[in-house]
Amino acid sequence: MNKIKLPSNRNFGIVFFVVFFVIAFWPVLNGENIRIWSILLSLIFLFLGIINSRILTPLNIIWMKFGIILGSIISPLVMGFVFFGVITPIGLLMRIFKKDLLNLKINTEKSYWIEKDKIKSSMKNQF
């Protein structure tokens, strides 16, 4: 596996400050109380992020490994959904309506060259 470059501890601390700050004030939208534990946690991350503390390095590494694992699980699922949910039905519809947009059928003529009746443009003065 290639070595992944970690974001700086400063960026990591500030991002998690914002995350926990939003978690702290989210209940206010529903008329509930502010989460004090989340405010304290966000201030700790802000302080450690501003001073660019080495304490955040192990957390930063764990967070990046979690992201890599999550990406290796979610990416194939999304691509599988796109393939089987979008591409396959379109291909089946094309076969039902006997469309060959890529001209993949075997041609019995001498050449696969397509003669054009009307020239759309000349190659002079391209720019």
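When you check THR88 against the structure, is it in a helix (DSSP H, G or I) and hydroxyl-bearing (Ser, Thr, Tyr), yes or no?
On the way: in a helix (DSSP H, G or I): yes; hydroxyl-bearing (Ser, Thr, Tyr): yes.
In short, yes.
Across the stretch 52-61, what is the number of residues that are open to solvent by less than 50 Å² (accessible area, probe 1.4 Å) and among the hydrophobic types (A, V, I, L, M, F, W, C)? Walk me through how you get there before you give the answer.
Here is the first cut: in the stretch 52-61, the ones open to solvent by less than 50 Å² (accessible area, probe 1.4 Å) are 53, 56-57, 60.
Narrowing the set further to residues that are among the hydrophobic types (A, V, I, L, M, F, W, C) leaves 56.
Matching residues across the stretch 52-61 total 1.
Can you tell me how many residues within the stretch 6-44 are within 26 Å of the chain's Cα centre (by Cα) and either closer than 20 Å to GLY67 by Cβ or surrounded by fewer than 15 Cβ atoms within 10 Å (Cβ to Cβ) (or both)?
Of the stretch 6-44, the ones within 26 Å of the chain's Cα centre (by Cα) are 6-23, 26.
Then keep just the ones that are either closer than 20 Å to GLY67 by Cβ or surrounded by fewer than 15 Cβ atoms within 10 Å (Cβ to Cβ) (or both); that gives 6-20, 22-23, 26.
Going through the stretch 6-44 one residue at a time, the tally reaches 18.
Just one of PHE81, PHE127, PHE45 is among the aromatic types (Phe, Trp, Tyr) and at pLDDT 95 or above; which is it? Break it down into steps so the answer makes sense when it comes.
Values: PHE127 fails: at pLDDT 95 or above; PHE45 fails: at pLDDT 95 or above.
None of the other options fit; the residue is PHE81.
A quick yes/no check of all residues on (1) in contact (Cβ under 8 Å) with a residue 12 or more places away in the chain; (2) exposed (fewer than 10 other Cβ atoms within 10 Å of the Cβ):
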{"residue": "TRP63", "(1), (2)": "yes, no"}
{"residue": "ILE68", "(1), (2)": "yes, no"}
{"residue": "ILE74", "(1), (2)": "no, no"}
{"residue": "GLY80", "(1), (2)": "no, no"}
{"residue": "PHE84", "(1), (2)": "no, no"}
{"residue": "ILE87", "(1), (2)": "no, no"}
{"residue": "LYS98", "(1), (2)": "no, yes"}
{"residue": "LEU101", "(1), (2)": "no, yes"}
{"residue": "THR108", "(1), (2)": "no, yes"}
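Tell me which of these MET79 doesn't satisfy, since it passes every other one: (1) at positive phi; (2) in a helix (DSSP H, G or I).
Unmet for MET79, out of (1) at positive phi; (2) in a helix (DSSP H, G or I): (1).
Are any residues in the stretch 1-19 at pLDDT 90 or above and farther than 15 Å from TRP63 by Cα, and if so, which ones?
Result: VAL18, single match.
The values are calculated or read from the model by the stated rules, or taken from the named source; none is laboratory data. Quantities reported herein were computed from a predicted structural model and do not represent experimental measurements. Ideal geometry is used to build each Cβ from the backbone, glycine not excepted, and the neighbour counts take in all protein chains shown. For the accessible areas, the whole protein counts, side chains as well, though only heavy atoms, and no ligand, DNA or RNA atoms are used. Shrake-Rupley method; radii C 1.70, N 1.55, O 1.52, S 1.80 Å.
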